[in-house]
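Colleague: For reference, the structure I am asking about is given below.
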Amino acid sequence: MSFDFGRAGLSMRTRISRFCAILFLFSAPLLEAGVIRGTVTDTSGATVVGASIVLMNGAKYVGKTVSTSDGSYQLVTGQSGRFSLIITAQSFRQLEPPSFYANAGASIERNLVMEPEWVHQSIVVTATGTPTPQQQTSEATSVLGPLDLGFRENFVDVLRLMPGTASTQAGETGAQASFFVRGGASDANKILLDGVSIGDLGGRFDFGPLSTTGIQTSEVYRGPDSSLYGADAGSGVVAFTTLKGSSSSPSLRLTGDLGDFNTSRELAELSGAHKTLDYYAAASWMQTSNSLPDDEFHVGTASGNFGWQPIASTQIRGTVHYGIDATGVPNTWQFYHVADDATQKDQDLFVSGSIDNQTTADFHNSLRYGMTRKREQYNLWQPSGQLITYDSFGDQAYFGNAVTFTGANGYIASGRAMLDFPEQYPFNEQFVNNRDQVVYQGDYRFTPHLIALVGFHYEDERGLENIPSFTTYESTERTNSDYLASVHGDFKGRVFYTLGGSLEHYSQFGTQTSPRAGLSVYAIKPRHGIFSGTRFLLNFGDAVREPALTDQFSSLYQFLVYNSGFPSTVQQLHISPLAAPTTRTYEGGFEQDFFSDRLIFRTSYFHNEFGKQIESVGGRLLPSLIPGLTPAQQQQLITALGFYYQDDFGLSVNSEAYRAEGIETTVEGGIGHSIFLRGGYTWLEGVVQRSFDSDNELLSEGFEPTYGNTGIPIGALSPLKGARPFRIPPQTGFVSASYAGKRFTFISTAAFASRSDDSTFLEDEDLSGGNSLLLPNRNLDHGYANINIGGSYQWISRVSIYGQAENLASDQHIAPIGYVSLPFNFRAGLRIRIGKGTGE
């Protein structure tokens, strides 16, 4: 017998090779399987054990696990697609984080923060620059979510639900609206949309025409934060984020409603996600006649959010918002009972493009480009009122009707006020605010208890003021850059801290530094029981802001150098450009949790110092107010000022300072899964410490407006020294209650404010060119109660009915004196949904 060993060996090797190939094919999915891992914690940073984590691929169930004793979890999948996680745990609200795309072999880390079942504790970004639970920050930050914004078409009323703030609108829907944070000026806030600064140059921002279309959340940070966001974050930051698509198939939602005052609103939204792409697009149109003559308002808004995730660690996203609006400007109706034939129009374009890269599990980088294009036009088409010669020199003006008006302080004025002046009509002015910016931010997690952040901001700003009637055409270009660094961490989940600062260079006023520090200490760590957590809070910060366009163009320096042709006077008298208005804040407080986090009470004391503030000072005052000038130098300045001195026209200088201190208190809690209650009260005392405008008229000219024969001094155009800043109520408060059930949703809100200081601003504007229409400043504006309700009902699976009723008390004194607020009004409509969802 013979054997062919060669053939037998080859056959065996072939069998082994085939077996290995089959084994590899079966094991390949395991070798390439993706891993999704992370840690589950609560808002205080403590680990959550036994949380259930379900992984979904679109609508398909993939797997399930639970968090271990150290809060960690891990899920393995060999699939590619758009995944989502659903996390549940006892005593916590069910969590559904944003969906994400992952390849079959990707390794992804998703750390999850569970919210208490009974209260709303959100993840915030403005406080530290990185997503951080509210309970781990010392800074005062509040978040307005989809339920708060769902029944609103603008932000004016909803911002009144923020503690420590005041929202003021000079008229009815669409009228100019300002937002004051803790006593700071309305232009001392940084307004962000998807990380892009959208305010005017110098920080001014009109909330009146801003639509809620496409906005998912609004985060309001109260305190100076220049070290993170650059100039203009002198009092606070308001950050808006855009909705993004999540449903695996396209989803379309159509919304339409009607209301009184010829009000209507239409909204269309399309959203979805497919593999590595997600998308959201919306367009809306809203119009109303309001209740006054020549006060019609309309606004059209389009927004979009488009994301692409080419690999698990990198996401590219672009957002765009475009808005056009026009509103009548009837002026202060109560002072004239005649409406101006005027309109204001805005065209705003905001674009953001970003690249986010999770370079390693601990190292995250983001690069963002932002574009802001804002154009504002005001037109007074023709004069209103009656043309009257009011003095012996033959001066003429158009006067309103005879009126009598009463301030909230009980003082009364009667007469006819100047409304318009004889000049070339139509009178128009145009302002342009353009900005391109680049923002880099990198954060590195050294340990689970220490994160460091570095960043760089660059802005190229261009501004234009054009008033043809005054032959005014001025433009400016500013370049700003700043470097920032900060650390955020904790010691054993009990002490949380933030330390940071920035080095900033602004072409308007040179180099500045802005330090910031925050400390949060748990005296009693969160636990079950009546007293379930106690922590103490401390904050300190400095900030600066840029001058507004109108401040820069009307400044004493700008006038002497560019308008009057006296640049040598600037050098000889050492007159400098406008400096940066500054803010310094100190804050301390505590937060107490009750009944196992079912109720949270927070109170804090803050003290803000606002220095180098800008005010317009009459030309006749300036020579005597600039320190150190000899009589000869004063005469030199008088000559350079020319008609600005003779006619006492105002010019801007850094001559005002004031402080604001107060106590801010909030309480919130829940009943069951569906009911959420929230309220707050703020006491604020602002005091003007220095003012060159009003306070020195008596000293330098022997003249100061007073009320009748009482001798009460009046700050006609700005508050007097020792008085409160205008239009900032010393007491404000709010309450809100919401219910979110399976088919029915309801929300009720009420905002309250005490009387505030103000002026009628009718200086030299009565029939004799006098001041009989000025009233004492103290408590001139009325207090108010603004009460609103809204609700929706899921009629059938894809159709819901909703309604909103505003100003239930029909209080027309919500606006400042002279202006009329929109009385009781309502809207009702339908939402039709086609597809699975609308966005996240």
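Colleague: Does the range 817-828 include one or more residues that are in contact with a helix residue (DSSP H, G or I) (Cβ under 6 Å, 6 or more places away or on another chain) and either in a loop (DSSP other than H, G, I, E, B) or modelled with pLDDT of 95 or more (or both)?
Modeller: Checked the range 817-828: at least one residue is in contact with a helix residue (DSSP H, G or I) (Cβ under 6 Å, 6 or more places away or on another chain) and either in a loop (DSSP other than H, G, I, E, B) or modelled with pLDDT of 95 or more (or both).
Colleague: What pairs come up if the first residue lies in the range 764-775 and is under 15 Å from Asp391 (Cα atoms), the second is part of a loop (DSSP other than H, G, I, E, B) and among the aromatic types (Phe, Trp, Tyr), and their beta carbons are under 7 Å apart, counting only those six or more places apart or on different chains?
Modeller: Pairs found: Leu767/Tyr390; Ser768/Tyr390; Gly769/Tyr390.
Colleague: Follow-up. Tell me, yes or no, whether the range 321-334 has at least one residue that is within 30 Å of Thr130 (Cβ to Cβ) and of a type in the set (S, T, N, Q).
Modeller: no
Conditions (1) over 30 Å from Thr319 (Cβ atoms); (2) in contact (Cβ under 8 Å) with a residue 24 or more places away in the chain; (3) open to solvent by less than 30 Å² (accessible area, probe 1.4 Å), marked per residue:
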site	(1), (2), (3)
Tyr369	no, yes, no
Gln382	yes, yes, no
Phe393	yes, no, no
Phe399	yes, yes, yes
Phe405	yes, yes, yes
Arg445	no, yes, no
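Colleague: Further question: Of Glu461, Glu465, which residue is touching a residue at least 24 places away in the same chain (Cβ under 8 Å), within 30 Å of Ser354 (Cα to Cα), of a type in the set (D, E, K, R) and surrounded by 15 or more Cβ atoms within 10 Å (Cβ to Cβ)?
Modeller: Result: Glu461 is the single residue among Glu461, Glu465 that is touching a residue at least 24 places away in the same chain (Cβ under 8 Å), within 30 Å of Ser354 (Cα to Cα), of a type in the set (D, E, K, R) and surrounded by 15 or more Cβ atoms within 10 Å (Cβ to Cβ).
Colleague: While we're looking at this one, here's another question. State which residue pairs qualify: first residue touching a residue at least 60 places away in the same chain (Cβ under 8 Å) and inside the range 274-285, second residue among the acidic types (Asp, Glu) and open to solvent by 20 Å² or more (accessible area, probe 1.4 Å) in any location, beta carbons under 7 Å apart, and separation of 6 or more residues or different chains.
Modeller: That search, which allows pairs on different chains as well, returns Ser284/Glu266.
Colleague: Give the residue that is nearest to Tyr522 (Cα to Cα), with candidates limited to residues of the range 35-47 that are of a type in the set (A, V, I, L, M) and either modelled with pLDDT under 80 or surrounded by fewer than 21 Cβ atoms within 10 Å (Cβ to Cβ) (or both).
Modeller: Per the criteria, the residue is Ala46.
Colleague: Here's a follow-up. Only residues that are modelled with pLDDT of 95 or more, part of a loop (DSSP other than H, G, I, E, B) and farther than 27 Å from Ala737 by Cβ: list them for the range 778-803, please.
Modeller: Arg778, Asn779, Leu780
Colleague: Check Gly501 against each of (1) under 25 Å from Arg445 (Cβ atoms); (2) out of contact with any helix residue (DSSP H, G or I) (no Cβ under 9 Å at 6 or more places or on another chain) and name the one condition it does not meet.
Modeller: (2)
Colleague: So which of Ser235, Ser211, Ser246 ends up being hydroxyl-bearing (Ser, Thr, Tyr), open to solvent by 10 Å² or more (accessible area, probe 1.4 Å) and over 23 Å from Gly323 (Cα atoms)?
Modeller: Result of the check over Ser235, Ser211, Ser246: Ser246.
Colleague: What do you reckon, is Phe606 closer than 30 Å to Pro224 by Cα and open to solvent by less than 30 Å² (accessible area, probe 1.4 Å)?
Modeller: yes
Colleague: Output the residues belonging to the range 532-557 that are open to solvent by 10 Å² or more (accessible area, probe 1.4 Å), in contact (Cβ under 8 Å) with a residue 40 or more places away in the chain, under 22 Å from Gly611 (Cβ atoms) and not hydrophobic (A, V, I, L, M, F, W, C).
Modeller: Once the filter is applied, which keeps residues that are open to solvent by 10 Å² or more (accessible area, probe 1.4 Å), in contact (Cβ under 8 Å) with a residue 40 or more places away in the chain, under 22 Å from Gly611 (Cβ atoms) and not hydrophobic (A, V, I, L, M, F, W, C), the range 532-557 yields Asn539, Asp542, Arg545, Thr550, Asp551, Gln552, Ser554.
Colleague: Here is a check on your reading of the model: is Asn786 under 16 Å from Phe726 (Cα atoms), of a type in the set (S, T, N, Q) and open to solvent by less than 20 Å² (accessible area, probe 1.4 Å)?
Modeller: No: the conditions fail for Asn786.
Colleague: For the range 313-328, which positions are buried (at least 19 other Cβ atoms within 10 Å of the Cβ) and under 30 Å from Phe363 (Cβ atoms)?
Modeller: Matches in the range 313-328: Gln315, Arg317, Thr319, Val320.
Colleague: Pick from Leu349, Leu367, Leu380: which is aliphatic (A, V, I, L, M) and under 26 Å from Gln424 (Cβ atoms)?
Modeller: Criteria check complete, one pass: Leu380.
Colleague: Hey, could you check the range 668-685 for residues that are farther than 26 Å from Thr88 by Cα and of a type in the set (A, V, I, L, M, F, W, C) and say which is surrounded by the fewest Cβ atoms within 10 Å (Cβ to Cβ)?
Modeller: Ranking the qualifying residues of the range 668-685, first place goes to Trp683.
Colleague: Follow-up question, since we're still on this one. Consider only pairs whose beta carbons are under 6 Å apart and that are at least six residues apart or on different chains; among these, list those whose first residue lies in the range 779-796 and is under 18 Å from Ala828 (Cβ atoms) and whose second residue is β-branched (Val, Ile, Thr) and open to solvent by 50 Å² or more (accessible area, probe 1.4 Å).
Modeller: Tyr793/Ile801; Trp795/Ile801
Colleague: On to the next question. Within the range 724-751, work out how many residues are under 25 Å from the mean Cα position of the chain (by Cα) and in a loop (DSSP other than H, G, I, E, B).
Modeller: The total comes to 7.
Colleague: Checking Ile638 against (1) buried (at least 16 other Cβ atoms within 10 Å of the Cβ); (2) over 17 Å from Phe566 (Cα atoms), which test does it fail?
Modeller: Only one criterion in (1) buried (at least 16 other Cβ atoms within 10 Å of the Cβ); (2) over 17 Å from Phe566 (Cα atoms) is unmet by Ile638, namely (2).
Colleague: Looking only at the range 487-505, which residues are within 27 Å of Pro547 (Cβ to Cβ) and either buried (at least 22 other Cβ atoms within 10 Å of the Cβ) or out of contact with any strand residue (DSSP E or B) (no Cβ under 7 Å at 6 or more places or on another chain) (or both)?
Modeller: Gly500, Ser502, Glu504
Colleague: Out of the residues in the range 329-367 meeting the condition of being without any contact (Cβ under 8 Å) to a residue 60 or more places away in the chain and surrounded by fewer than 16 Cβ atoms within 10 Å (Cβ to Cβ), tell me which one is farthest from Gly38 (Cα to Cα).
Modeller: Lys345
Colleague: Here is a list: Glu664, Glu704. Which entry is closer than 30 Å to Phe553 by Cα and open to solvent by less than 50 Å² (accessible area, probe 1.4 Å)?
Modeller: Result: Glu704 is the single residue among Glu664, Glu704 that is closer than 30 Å to Phe553 by Cα and open to solvent by less than 50 Å² (accessible area, probe 1.4 Å).
Colleague: Limited to the range 258-277, what total is found for residues that are in contact with a Ser or Thr (Cβ under 7 Å, 6 or more places away or on another chain) and open to solvent by less than 40 Å² (accessible area, probe 1.4 Å)?
Modeller: Number of matching residues: 7.
Colleague: Further question: Among the residues that make up the range 534-543, is at least one of them under 30 Å from Ile626 (Cβ atoms), of a type outside the set (Phe, Trp, Tyr) and either assigned to a strand (DSSP E or B) or at pLDDT 90 or above (or both)?
Modeller: The answer is yes, given that some residue of the range 534-543 is under 30 Å from Ile626 (Cβ atoms), of a type outside the set (Phe, Trp, Tyr) and either assigned to a strand (DSSP E or B) or at pLDDT 90 or above (or both).
Colleague: Across the range 150-164, what is the total count of residues that are open to solvent by less than 10 Å² (accessible area, probe 1.4 Å) and in contact (Cβ under 8 Å) with a residue 60 or more places away in the chain?
Modeller: The qualifying residues number 7.
The values are calculated or read from the model by the stated rules, or taken from the named source; none is laboratory data. What you are looking at is a predicted structure, and each value in this text was computed from that prediction instead of being measured. Neighbour counts are summed over all protein chains in view; Cβ atoms, including those assigned to glycine, are modelled from backbone coordinates with ideal geometry. Calculation scope for accessible area: heavy atoms of the full protein, side chains included, ligands and nucleic acids excluded. Shrake-Rupley method; radii C 1.70, N 1.55, O 1.52, S 1.80 Å.
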